[in-house]
1. For the list (1) over 17 Å from ALA251 (Cβ atoms); (2) within 16 Å of ligand 2 (Cβ to nearest atom), I need the number of the one condition that ILE187 fails.
2. Just give me the residues in segment 52-75 being outside any helix (DSSP H, G or I), in contact with a Ser or Thr (Cβ under 8 Å, 6 or more places away or on another chain) and within 15 Å of ligand 1 (Cβ to nearest atom), in sequence order.
3. Would you confirm whether or not segment 315-322 contains a residue that is open to solvent by less than 10 Å² (accessible area, probe 1.4 Å) and under 22 Å from ALA90 (Cβ atoms)?
4. Just name the residue that is least open to solvent (accessible area, probe 1.4 Å) out of those in segment 204-219 that are assigned to a helix (DSSP H, G or I) and of a type outside the set (Val, Ile, Thr).
5. Which one of these is assigned by TED's automatic domain parsing to the domain that holds ALA102, open to solvent by 10 Å² or more (accessible area, probe 1.4 Å) and at pLDDT 95 or above: ILE57, ILE41, ILE76, ILE30?
6. Just to be sure, is GLY213 in contact (Cβ under 8 Å) with a residue 24 or more places away in the chain, within 16 Å of ligand 1 (Cβ to nearest atom) and either of a type in the set (Asp, Glu) or not assigned by TED's automatic domain parsing to the domain that holds GLY65 (or both)?
7. What number goes with the only condition from (1) at pLDDT 95 or above; (2) within 16 Å of ligand 1 (Cβ to nearest atom) that ASP241 does not pass?
8. How many of the residues in segment 132-152 are part of a helix (DSSP H, G or I) and away from ligand 1 (no atom under 13 Å from the Cβ)?
Amino acid sequence: MTDKNIIHMDMGAMVGDNPSDKRALLCLGIESSCDETSAAIVDSNRNILSHIIYSQIPEHQKYGGVVPELAARAHILAIDQVIQQTLDRAGKTIDDIDVIAATAGPGLIGGVLVGWMAATGIAQATGKPLVAVNHLEGHALVPRLHASSANGADGQTNVEFPYLLMLASGGHCQILLVRGVGQYELIGQTLDDSAGEAFDKVAKMLGLGYPGGPIVDKCAQSGNPKAFAFPRPLCDKPGCDFSFSGIKTAARTFLDKNNTPHDDAFINDFCASFQASVVDCITNRLNNAMNDERIKNALPKTLVVAGGVAKNSAIRSALEKLAHKHNMTFAAPPMNLCTDNGAMIAWAGIENYRIGRVVKSPIAPRPRWPLTEM
Ligand code: KG4
Ligand code: ZN
């Protein structure tokens, strides 16, 4: 584990309601389902006491994506130090912690096992309660820990149930009605690729590196979104499902036909046009969801976007506009809580612990674990 991979989160913007409340629960959360080994200590008053993310991106970059075996090995090498540093930076020892929480799926099972077994070991050795967190629930609930506006400014808190959630990450793309902790109703989902996957694949085609989302987002900011006509799959059809593979194929076909070296202006326009089609698809499907009887009857007050793709500036501002059109408020996690992180797992640990959802006997982590099977 090298220092260059470690992101110490800035705690300055992360102070919650009542930092001085001595009765607050302290949860140690551990995340290891993909290519970040992360741990955080979060309290029930929404303070993040410490947060360490050890990013493996440099290790996977030369392969153009995450290599599961390398990820599992890197998690094993990093996990003990990440947990110890998280405790040290909070000025705590394991005795001060009330609850241990770790991702128990879904994700790359080799990595999930590393974090889950570390958490199980700590819980067994100390006799402390253990929460098996669904990684997707971590993304889904983190806006209740900290939420920010479209431009990333922290400030809004108290995202209350029920809310309408656009969950867009590297592995998932779903619209959900979040009725409460553990209560998720699936409204729509992708029929093929996730939005994050589409970003990553288009970036790879352009030779822009991994992960593609942030690079495409940055290039798109200098490009013309109308330069290329990408399709908007399913947007002429009713319903709330997505399809992104057609957009990716259109990109591949165009690049194959125009196989010349591409200058920056071309790349920026290509990224902006691709991103515009993803934004239109997400907006169209969410608009249908907001007009769906299930949503109208549930009366959610907030539209929330979460998951790694929620970092995307164009998606955040389009969804903020859409929320206002439907008289809803908009919330997204602050940028550093969108991609995988230990704080969201610690917070989901607190939310689950409060309603008694703790592990009573040993469980096996799950590579697949839909939010509708909680
Ligand atoms: O939630 P996450 O960290 O991991 C999973 O649970 O899958 O999401 C990672 C995904 C990647 O596909 C990455 O390209 C995408 O989030 N992503 C973005 C941006 N930042 C990260 N996609 C679009 N725009 C961004 N700014
Ligand atoms: Zn994730």
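1. (2)
2. At the first step, the residues of segment 52-75 found to be outside any helix (DSSP H, G or I) are 52-56, 64-67.
Then keep just the ones that are in contact with a Ser or Thr (Cβ under 8 Å, 6 or more places away or on another chain); that gives 52-54, 56.
Once the filter is applied, which keeps residues that are outside any helix (DSSP H, G or I), in contact with a Ser or Thr (Cβ under 8 Å, 6 or more places away or on another chain) and within 15 Å of ligand 1 (Cβ to nearest atom), segment 52-75 yields ILE53, TYR54, GLN56.
3. For segment 315-322, residues open to solvent by less than 10 Å² (accessible area, probe 1.4 Å) and under 22 Å from ALA90 (Cβ atoms): absent.
4. Step one: of segment 204-219, the residues assigned to a helix (DSSP H, G or I) are 204-205, 212-219.
Remaining after also requiring of a type outside the set (Val, Ile, Thr): 204-205, 212-214, 217-219.
Working: LYS204: 123, MET205: 46, GLY212: 0, GLY213: 19, PRO214: 82, ASP217: 18, LYS218: 149, CYS219: 25 Å².
Only one residue tops the list, namely GLY212.
5. Values: ILE57 fails: at pLDDT 95 or above; ILE41 fails: open to solvent by 10 Å² or more (accessible area, probe 1.4 Å); ILE30 fails: open to solvent by 10 Å² or more (accessible area, probe 1.4 Å).
Going through ILE57, ILE41, ILE76, ILE30 in turn, the sole match is ILE76.
6. On the way: in contact (Cβ under 8 Å) with a residue 24 or more places away in the chain: yes; within 16 Å of ligand 1 (Cβ to nearest atom): yes; either of a type in the set (Asp, Glu) or not assigned by TED's automatic domain parsing to the domain that holds GLY65 (or both): yes.
Yes.
7. Failed condition: (2).
8. Going through segment 132-152, the residues part of a helix (DSSP H, G or I) turn out to be 135-144.
Going one step further and asking which of them are away from ligand 1 (no atom under 13 Å from the Cβ), we end up with 141, 143-144.
Result for segment 132-152: 3.
The values are calculated or read from the model by the stated rules, or taken from the named source; none is laboratory data. Not measured: the values here are computed from a predicted model. Positions of Cβ are generated from backbone atoms using ideal geometry, with glycine treated the same way; all protein chains shown enter the neighbour counts. In case anyone asks, the SASA skips ligands and DNA or RNA and just uses the protein heavy atoms, side chains included. Shrake-Rupley method; radii C 1.70, N 1.55, O 1.52, S 1.80 Å.
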